[in-house]
Number of protein chains: 2
Amino acid sequence: MSTSELEVTRRLAEWVCESDFQTVPDPVREEAARTLLNWMGCAVGGSRHESVDITLRALGPFMGQPQASVLGRAERADVLHASLLNGISSHVFDFDDTHLRTIIHPAGPVASALVPLAEHRPVSGHDFLHALVLGVEVECRIGNAVYPDHYDAGWHITGTAGVFGAAAAAGRLLGLDVRRMCWALAAAATQAAGLREMFGTMCKPFHIGRAAQNGLAAALLAAEGLTGSERAIEAPRGFARVLSTKQDYAAICDGLGDSYEILLNTYKPYPCGVVIHPSLDGCIRMKREHGLAGDDIEAVELRVHPLVLELTGNKTPRTGLEGKFSVYHAVGAALVLGQVGVAEFTDEVVQDSRVTAVRDRVSAVADGSVHEAGAVVRVRLKDGRSFEETVEQASGSLERPLSNEAMEDKVHALADPLLGAESTRAMIRACREVADLEDAGVLARAATPKG
Amino acid sequence: MSTSELEVTRRLAEWVCESDFQTVPDPVREEAARTLLNWMGCAVGGSRHESVDITLRALGPFMGQPQASVLGRAERADVLHASLLNGISSHVFDFDDTHLRTIIHPAGPVASALVPLAEHRPVSGHDFLHALVLGVEVECRIGNAVYPDHYDAGWHITGTAGVFGAAAAAGRLLGLDVRRMCWALAAAATQAAGLREMFGTMCKPFHIGRAAQNGLAAALLAAEGLTGSERAIEAPRGFARVLSTKQDYAAICDGLGDSYEILLNTYKPYPCGVVIHPSLDGCIRMKREHGLAGDDIEAVELRVHPLVLELTGNKTPRTGLEGKFSVYHAVGAALVLGQVGVAEFTDEVVQDSRVTAVRDRVSAVADGSVHEAGAVVRVRLKDGRSFEETVEQASGSLERPLSNEAMEDKVHALADPLLGAESTRAMIRACREVADLEDAGVLARAATPKG
């Protein structure tokens, strides 16, 4: 047993407590600001989803003082419930960021906790951004240590690893010492939860909300002295062994501060399962180039990585949420409607007969030789013609990252209907300039409707 | 695949929704009232523990309206946080009930949620008791389906199975239909958490609090329409397969309404790990019979079931909480002090040199031929004499159940210092007569200090 196996939790806690923002490289800071902006657009955009309404109705009678903004909405909530609600809304469109090595959506648990905390207990933008970087690092490193076995077993890794990220980030803002940071990680470990069986239901975004809320609570409890194991990650009955058959502790402990996982973060151009994206690139390109109409299509044949069918193989989705995990629906919508935004994943569009007519003509073959970020799309028309598109790297992948301009367009499309274009521009500016903010509470206020 | 594998969640939900209290046999009702009373004594008795103070300090600023009593205390909290706090206090002494087939502490998650809910939304004692029976049945059956593999893997089963019990019981009081009951069980499944690594720390009672709070939230969310998988227990990526290598679905579905797990509930005479109890019976009997003093003792030799050392093998506990999981400390305290109550598990007593002097002379040998509820205790004295006691069945076991009188003594010892003897008598009466109460809100009010 190496030293790292003996002291994983403590070493991680030490690093979170002792990291100096001066040593965080500029590209990391810039990516963190992009991560924040993409998350905020998603949180505002998703804030009127039924799952947020339901949570407010169900838990509203038990919420505390209106201490913090619920992003995108007029309601305010106590800090813990604001974390829950922000986490739900930021993930409900499946439009948030993706750490492709682990399929963790890093911002959800961390930013959903930090934004309301910073609104309630003022901190500088500098400290806020630092905590965001640290939280993302913690959750992604823990994810790296257990992925893919942990995910394959059925855990929704953004929930299970995310709760650590929220605890670490909040713990840093609360100024925990190393021992209490260990306890915060312990209270996070022992709340790690979320099953992949819930994909396609409202419980999926709920996982992200709970990870934010429970991680924040873990840090608050540790700050007051709630004890926990100081070997919560690596002990024989700790997180890594109980929830995974793989434990790569070096992935947690090695090179802390030398490399940053947030540099591997990616941002989606389409609000659905990321494995569908290359097929959508191909369909949209083909539709534009050849002016295809839904009625023309005889058959659509996809060759895709096996994970595509495993994750998104639902042939007959009934709801918008299910549609986000159906490569068949998404491809049908792309070929009929020519775009795949939030509007293409409503219950109505998923049930639209023009879309289902094409959806039912889509077949997909799993092919291990196709890259996860690639796809081959072949369309046969009723008139006998056929077209093929090969996508090597999906847009939004690490190799073809979403540009700043495309991200701003995405955020405007999400937020303008709720905040108005001018306020959305101010929100984008606040995110871009977050490191220079005197009071990071500006962020939450910029993401709520005025008046 | 049998039908039961296909529809475990739905069948359980149907039964919870459709069960008729008229068909619940009298002995079940009586045992449920005993379960309630034992739990209430523990919740009141544990309510001044540091872990409860810490939780109130840490989360108090975020709590909602004072809707419900925090048992044993003057503070009130919103219903969800009252559930959390009651769950913590009821388990922190490790003095609560035990379903020996699974080592689940059944009342904690269920009653901790039901009592504040019933205080906030009035229901009859009859409906309250019925919901308690159903919640205990659900958590113990789910426990039976996965125990012992699930527990052996490192899950704290009272947390993981308990959240289902709280959801089912609260869902019944909220009048959920079958579909929403399935969603409540789904939201419970996807919040199932709690690691055995936390034993001996304050996170352990926190698991019970969170199971109560999260199960109640699951029912509230389902009532408003938060969707979840309707196969949350049995699906390939559902609870039973992700969190256990054993899935005995017949243990969940067979004979619902014909047998009741609450009839297998037991109540501890000593506030520590149940596997220690037979050794304590032997020590206390021996001390009384032979008038042993700590200074006389040369050596103590225990022959015990292997689980005793696995669960309580800590030779040098430092805190009261750690002492509850040290057969060495407990036996030392029994031989020095002649009794093993709450007072014998304070930090002071665990560090008391008279106790540690005997503790350090205790050795224990695991012996698979010794029954889990038995032990052989041998004491050698400095004067050369030696004594041996063989305990076949510990007091408080199913074969030697705690009598009503002994339970009342236990509850008085726990509650009198906080409520006074007269109020404790009224609380005991309310529990005994729960089925006849017009308003079950009486229970919570009876368990808080007057004036």
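Taken across the stretch A:103-112, residues that are assigned to a helix (DSSP H, G or I), modelled with pLDDT of 95 or more and over 27 Å from A:G341 (Cβ atoms) do not occur at all. Among the conditions (1) surrounded by fewer than 24 Cβ atoms within 10 Å (Cβ to Cβ); (2) under 22 Å from A:Y267 (Cβ atoms), A:R11 misses just one, which is (2). Residues being part of a loop (DSSP other than H, G, I, E, B), over 20 Å from B:G368 (Cα atoms) and either within 14 Å of another protein chain (Cβ to nearest Cβ) or in contact with a helix residue (DSSP H, G or I) (Cβ under 9 Å, 6 or more places away or on another chain) (or both) are entirely absent from the stretch B:299-310.
Taking the conditions exactly as written (within 14 Å of chain B (Cβ to nearest Cβ) and surrounded by 19 or more Cβ atoms within 10 Å (Cβ to Cβ)), does A:D78 satisfy them or not?
Details: within 14 Å of chain B (Cβ to nearest Cβ): yes; surrounded by 19 or more Cβ atoms within 10 Å (Cβ to Cβ): yes.
Criteria met by A:D78.
Considering every residue within the stretch A:84-103, establish whether at least one is closer than 27 Å to B:R121 by Cα and within 9 Å of chain B (Cβ to nearest Cβ). Checking the stretch A:84-103: not a single residue is closer than 27 Å to B:R121 by Cα and within 9 Å of chain B (Cβ to nearest Cβ).
Filtered by the rule that a residue be hydrophobic (A, V, I, L, M, F, W, C) and farther than 29 Å from A:L402 by Cβ, the stretch A:27-79 gives A:I54, A:L56, A:A58, A:L59, A:F62, A:M63, A:A74, A:A77, A:V79.
The helices (runs of 4 or more DSSP H) found wholly in the stretch B:1-87 and carrying at least 2 residues that are small (G, A, S) occupy B:26-45, B:50-59. Candidates in the stretch B:189-219 are the residues that are of a type in the set (V, I, T) and in a loop (DSSP other than H, G, I, E, B); of these, the one that is farthest from the chain's Cα centre (by Cα) is B:T190.
Scanning the stretch A:74-107 for residues that are closer than 22 Å to A:A170 by Cβ and basic (K, R) turns up just one, A:R76. Taking the conditions (1) at pLDDT 95 or above; (2) under 19 Å from the mean Cα position of the chain (by Cα) in turn, A:A68 satisfies each one other than (2). Taking the criterion of being over 30 Å from B:L311 (Cβ atoms) and among the β-branched types (V, I, T), the residues of the stretch A:237-267 that qualify are A:I262, A:T266. Remark: pairs (first residue in the stretch A:387-403, of a type in the set (V, I, T); second residue part of a loop (DSSP other than H, G, I, E, B); Cβ separation under 6 Å; 6+ apart in sequence or on different chains) = A:V391/A:G374. For B:A222, the requirement of being away from chain A (no Cβ under 14 Å) and over 23 Å from the mean Cα position of the chain (by Cα) is not met. For the residues B:V411, B:V442, B:V434, B:V379, the requirement of being among the aliphatic types (A, V, I, L, M) and under 19 Å from B:Y328 (Cβ atoms) singles out B:V379.
Please work out which residue is surrounded by the fewest Cβ atoms within 10 Å (Cβ to Cβ), limiting yourself to the stretch B:262-277 and to residues that are part of a helix (DSSP H, G or I) and not β-branched (V, I, T).
Looking only at the stretch B:262-277, we keep the residues that are part of a helix (DSSP H, G or I), and these are B:262-264, B:274-277.
This time we only want the ones that are not β-branched (V, I, T), so: B:263-264, B:277.
Numbers: B:L263: 13, B:L264: 18, B:H277: 26.
That would be B:L263.
Taking A:L280 as the residue in question, decide whether it is part of a helix (DSSP H, G or I), away from chain B (no Cβ under 14 Å), surrounded by fewer than 21 Cβ atoms within 10 Å (Cβ to Cβ) and at pLDDT 95 or above. No; evaluated as a whole, the condition is false for this residue. Selection of the stretch B:139-168 for residues being surrounded by 24 or more Cβ atoms within 10 Å (Cβ to Cβ), over 21 Å from A:A192 (Cβ atoms) and over 13 Å from the mean Cα position of the chain (by Cα) yields B:R141, B:A145, B:A168. Looking across the stretch B:225-238, the residues that are more than 7 Å from chain A (Cβ to nearest Cβ) and crowded, with 23+ Cβ neighbours inside 10 Å come down to B:I233, B:E234.
Scan the stretch A:322-341 for residues that are touching a Gly at 6+ places or on another chain (Cβ under 7 Å) and farther than 25 Å from A:E197 by Cβ and the total you get is 2. I'm checking my understanding of the structure. Among residues of the stretch A:126-138 that are out of contact with any Ser or Thr (no Cβ under 8 Å at 6 or more places or on another chain) and of a type outside the set (A, V, I, L, M), which one is surrounded by the most Cβ atoms within 10 Å (Cβ to Cβ)? Per the criteria, the residue is A:G135.
Pairing residues of the stretch A:55-71 that are at the interface with chain B (Cβ under 7 Å from one of its Cβ atoms) and surrounded by 19 or more Cβ atoms within 10 Å (Cβ to Cβ) with residues that are outside any helix (DSSP H, G or I) and small (G, A, S), at Cβ distances under 9 Å and at least 6 apart in sequence or on separate chains, gives A:A58/B:G225; A:L59/A:A77; A:F62/B:G64; A:M63/A:A77; A:M63/B:G64; A:G64/A:A77; A:G64/B:G64. Within the stretch A:410-448, the set of residues being surrounded by fewer than 14 Cβ atoms within 10 Å (Cβ to Cβ) and either part of a helix (DSSP H, G or I) or not assigned by TED's automatic domain parsing to the domain that holds A:L117 (or both) comprises A:A421, A:E422, A:R429, A:D436. The single condition among (1) farther than 30 Å from B:T319 by Cα; (2) more than 7 Å from every other protein chain (Cβ to nearest Cβ); (3) among the aliphatic types (A, V, I, L, M) that B:A217 does not meet is (2). When A:G200, A:G238, A:G215 are checked against the criterion of being modelled with pLDDT under 95, in the same structural domain as A:F95 (by TED's automatic domain parsing) and touching a helix residue (DSSP H, G or I) at 6+ places or on another chain (Cβ under 9 Å), a single residue qualifies: A:G200. Out of the stretch A:175-188, which residues are within 10 Å of another protein chain (Cβ to nearest Cβ) and outside any helix (DSSP H, G or I)? Once the filter is applied, which keeps residues that are within 10 Å of another protein chain (Cβ to nearest Cβ) and outside any helix (DSSP H, G or I), the stretch A:175-188 yields nothing.
Which of the residues that make up the stretch B:245-261 are outside any loop (DSSP other than H, G, I, E, B) and either under 23 Å from the mean Cα position of the chain (by Cα) or modelled with pLDDT under 95 (or both)? Quick ask: steps written out before the conclusion?
So in the stretch B:245-261, the residues outside any loop (DSSP other than H, G, I, E, B) come out as B:250-253, B:256, B:259, B:261.
Selection gives B:A251, B:I252, B:L256, B:S259, B:E261.
Look at the stretch B:135-158: where a residue is within 14 Å of chain A (Cβ to nearest Cβ) and a partner is among the acidic types (D, E), sitting 6+ places away or on another chain with Cβ atoms under 8 Å, you get B:V146/B:D248; B:G154/B:E197.
Within the stretch B:74-95, is there a residue that is within 30 Å of B:H371 (Cα to Cα), touching a residue at least 40 places away in the same chain (Cβ under 8 Å) and among the acidic types (D, E)?
If we filter the stretch B:74-95 for residues that are within 30 Å of B:H371 (Cα to Cα), which is where we start, we get B:90-95.
From the residues that got through so far, the ones that are touching a residue at least 40 places away in the same chain (Cβ under 8 Å) too are B:90-95.
From what's left, among the acidic types (D, E): B:94.
Looking for residues that are within 30 Å of B:H371 (Cα to Cα), touching a residue at least 40 places away in the same chain (Cβ under 8 Å) and among the acidic types (D, E), one finds at least one in the stretch B:74-95, hence yes.
Looking only at residues in the stretch B:189-213 that are more than 8 Å from chain A (Cβ to nearest Cβ) and farther than 28 Å from B:V327 by Cβ, the one that is surrounded by the fewest Cβ atoms within 10 Å (Cβ to Cβ) is B:Q213.
For B:R241, the requirement of being among the basic types (K, R), in contact (Cβ under 8 Å) with a residue 60 or more places away in the chain and within 7 Å of chain A (Cβ to nearest Cβ) is not met.
The values are calculated or read from the model by the stated rules, or taken from the named source; none is laboratory data. Computed from a predicted structure; not experimentally measured. Glycine gets a Cβ as well: all are built from the backbone with ideal geometry, and neighbour counts include every protein chain shown.
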